[in-house]
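To start, the structure itself, in structure tokens.
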Amino acid sequence: MCGIVGLFLKDKSLEPELGTLLSDMLVTLTDRGPDSAGIAIYGSADRGLAKLTVQSAAPQRDFPKIKETLSAAGIPVASLHLKDTHAVVAIAADKLDAARAALSAALPELRVMGAGEAMEIYKETGLPKDVVSRFSIRKMSGTHGIGHTRMATESAVTTLGAHPFSTGSDQCLVHNGSLSNHNNIRRELKRLGMSFETENDTEVAAAYLTAEMAKGKNLGQALTSALDDLDGFFTFVVGTRNGFGVLRDPIACKPAVMAETDRYVAFGSEYRALVNLPGIANARVWEPEPSTVYFWEH
Amino acid sequence: MPVINLLETPLRELNAKLHNLPQGSNETAFEVVNPRGSHAVAVGVDAPLTIDVRGSVGYYCAGMNDGGTITVHGSAGPGVAENMMSGTVVIEGDASQYAGATGRGGLLVIKGNAASRCGISMKGIDIVVGGNIGHMSAFMGQSGNLVVLGDAGDALGDSLYEARLFVRGSVKSLGSDCIEKEMRPEHLGLLRGLLDKAGMDARPEEFKRYGSARKLYNFNIDNAEAY
């Protein structure tokens, strides 16, 4: 099964509530997948800075070493926020690759959840209610975000196997379904120089879209290509720096409901996830069509 | 009329109440409020009850209905009225995938659109849809009638047995072994009756009839590609 949610705000006055709204949506869908949960939030961005979200199974051992590791590599740390097993490190955007390399050399058990100017990703095994409370997601503000509660099928129940998957700067994806040609596509993307952290099919879908957007396609065009190249069952919700997209495979057996008002666009695996959104009674509510690309940009 | 508020009453309590009414009970009309997308609202009703659900429901609403008149004043999630035996289910809004799947009897009216696989494996149910239906609708439909005032998606009536399909708008594509058939007077009469029962304002003459070409009933090696 799996449950997925997404919320793209049009009305700035809702931004302080993004974390709360998205958390409630995700917790409602707990019974669609109780293995692991994760949320990506697009929050504030500081000019010239990039945020790196990292995770450790031993945060007390690893996190105190982040600052000194980066300083030793000549990378000043603009800020470091610790939240349970996750840390968000802000550094100069042009030092992002160097920072990843330095951290991976010095702290091999540190895992990168995602990176970007605005995006932060929090994901762990466990129930959505526990995951959102461990990372204080309800207090987070932002412009848009996506979330996932997992019932694992294609790879192990681990932090890295949880969604959202991020394979490019400020890009992330959540997935309900299972891909059947992910091994082939992973091989092709590896040949192009991409690297993979897991055996998971969804990571391949995320990396595929990253590769397509790297060719200059916008999110909508990348999703259109996915219809030709990805085989299997999928309902995807995708986030980019300023965009939000939805795509269902041609069979469309994985459920999806969307709602739009003047204030937001929302996605839920089920209508239950949307019932607490402001003004839902008067929202346009519809089921996204199969093989049809939906995307919104700020 | 008893009003059941699903914010306060657990779903199982609602359904148990509907199942346990003594035969001949005078309590035959119920209103359900705040369904908020709940699953399995009013499943397994087996008495001539009238149930009005105020709001949208999730999976499997009114499943296995046998004699109830259940109206959803909102939209319905996947599998509404699945395996209905008899009675009437009305959806004022839209319905998600596989509405009326495997239905044996009764009438399902969807005033808005229905998504994919509407009436899949239908076995005697009548389904009337005011809007459009999605792909693979009436797949392997065995008997009953599917009436669509709008358009039908891809692969309508694939591997159809004896269900009758009436579509007023366009059909994106027909599935294997589904063909357009002549609309004879008895079909116009049947359609008139279904439209009247469903309270739909449409003229039977505007519809086309589709049914099985009956080429895939038994295995034939010459048809191997179509199976």
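Can you tell which of B:GLY153, B:GLY175, B:VAL109 lies farthest toward the positive end of the dipole of the protein assembly as shown, using +1 and -1 charges on the Cβ of basic and acidic side chains (Lys, Arg; Asp, Glu)? Result: B:GLY153, furthest along the dipole toward the positive end. Each residue of the stretch A:167-178 was assigned a 3J(HN,Hα) from its phi angle through the Karplus curve 6.51 cos²θ - 1.76 cosθ + 1.60 (θ = phi - 60°); the sequence is 10, x, 4, 6, 10, 8, 8, 10, 9, 10, x, 8 Hz, with glycine and proline shown as x. Here chain A is assigned +1 on the Cβ of each Lys and Arg and -1 on the Cβ of each Asp and Glu. Its dipole about the Cα centre then comes out at about 560 debye.
By DSSP, what percent of the beta bridges with both residues in the protein assembly as shown are antiparallel, rounded to the nearest 5? Close to 65 percent.
About its Cα centre, chain B has a charge dipole of approximately 160 debye under the convention of +1 per Lys or Arg Cβ and -1 per Asp or Glu Cβ, with nothing else charged.
Rounded to the nearest 0.05, the FRET efficiency derived from the C-beta distance between A:SER195 and B:LYS197 at R0 = 41 Å is 0.10. Rounded to the nearest whole Hz, the Karplus-based 3J(HN,Hα) values (6.51 cos²θ - 1.76 cosθ + 1.60, θ = phi - 60°) of the stretch A:113-127 follow the sequence 7, x, 8, x, 6, 10, 7, 10, 10, 10, 8, 7, 6, x, 7, with x at glycine and proline. Under 12 Å from the Cβ of B:ALA101, count the other residues' Cβ atoms, weight Lys and Arg +1, Asp and Glu -1, and hand me the total. With Lys, Arg at +1 and Asp, Glu at -1, the net is +2.
Considering only DSSP beta bridges whose two residues both sit in chain B, what percent are antiparallel, to the nearest 5? Restricted to chain B, the bridges split so that about 15 percent are antiparallel. Label positions at B:ASN15 and B:ARG184, each projected 7 Å from the Cα along the C-beta direction, are separated by 4.3 nm. What part of the accessible area of the protein assembly as shown, given as a whole %, is carbon or sulfur when the probe is 1.4 angstrom? The C+S portion of the solvent-accessible surface of the protein assembly as shown is 49 percent. Only protein heavy atoms count here; under a 1.4 Å probe, A:MET151 has an accessible surface of about 70 Å². Comparing the full protein assembly with the isolated chain, the residues of the stretch B:36-64 losing at least 50 square angstrom of accessible surface (1.4 Å probe) are B:ARG36, B:TYR59.
Summing Lys and Arg as +1 and Asp and Glu as -1 over all other residues whose Cβ lies under 10 Å from the Cβ of A:HIS182 gives a net charge of -3.
Most tightly packed first, judged by the mean number of other beta-carbon atoms within 10 Å of their residues, the peptides B:7-13, A:103-109 read A:103-109, B:7-13. On the basis of the beta-carbon distance and an R0 of 60 Å, A:ARG61 and B:GLU205 show a calculated FRET efficiency of 0.15.
Sorting A:LYS51, B:LYS111, B:LYS172 on solvent-accessible area from highest to lowest, probe radius 1.4 Å, gives B:LYS172, B:LYS111, A:LYS51.
Accessible surface computed residue by residue for the protein assembly as shown, with neighbouring protein chains in place and a 1.4 Å probe, gives 41 Å² per residue. Figure note: A:ASP35, B:ASP177 ranked by solvent-accessible area, largest first, 1.4 Å probe, ligands and nucleic acids not counted: A:ASP35, B:ASP177. List residues of the stretch B:59-88, by number, whose backbone nitrogen lies under 14 Å from a label position 7 Å along Cα→C-beta of B:ASP46. Taking a point 7 Å out along Cα→Cβ of B:ASP46, the residues of the stretch B:59-88 whose backbone N falls under 14 Å are B:64-68, B:85-86. For B:ASP158, the residues whose modelled amide H falls within less than 5 Å of its own, excluding neighbours fewer than 5 places apart on the same chain, are B:PHE139, B:MET140, B:GLY175.
About its Cα centre, the dipole of the protein assembly as shown is roughly 540 debye, where the only charges are +1 on Lys and Arg Cβ and -1 on Asp and Glu Cβ.
Peptide A:285-292 shows a mean partner chain C-beta count of 5 within 10 Å per residue C-beta.
Angle check, please: helix A:219-229 long axis (alpha carbons) against the longest principal axis of chain A (alpha carbons), in degrees 0 to 90, nearest 10. The angle comes out near 80 degrees.
Measuring nothing but how far apart in sequence close Cα pairs (under 8 Å, 6+ apart) lie, relative to its length, the stretch A:113-242 scores a relative contact order of 30 percent.
Considering only alpha-carbon pairs that sit under 8 angstrom and 6 or more positions apart, the relative contact order computed for chain B is 10 percent. Chains B and A together bury some 1000 Å² of accessible area, summed over both sides, with a 1.4 Å probe.
Karplus-derived 3J(HN,Hα) values for the stretch B:63-80, using 6.51 cos²θ - 1.76 cosθ + 1.60 with θ = phi - 60°, are x, 6, 3, 10, x, x, 10, 10, 10, 9, 8, x, 10, 10, x, x, x, 5 Hz; glycine and proline are entered as x.
The values are calculated or read from the model by the stated rules, or taken from the named source; none is laboratory data. Being a predicted model, the structure only gives us computed values, none of them experimental. Note that each Cβ is placed from the backbone with ideal geometry, even for glycine, and that neighbours are counted across all protein chains shown. Side chains included, ligands, DNA and RNA excluded: accessible areas come from the protein's heavy atoms. Shrake-Rupley method; radii C 1.70, N 1.55, O 1.52, S 1.80 Å.
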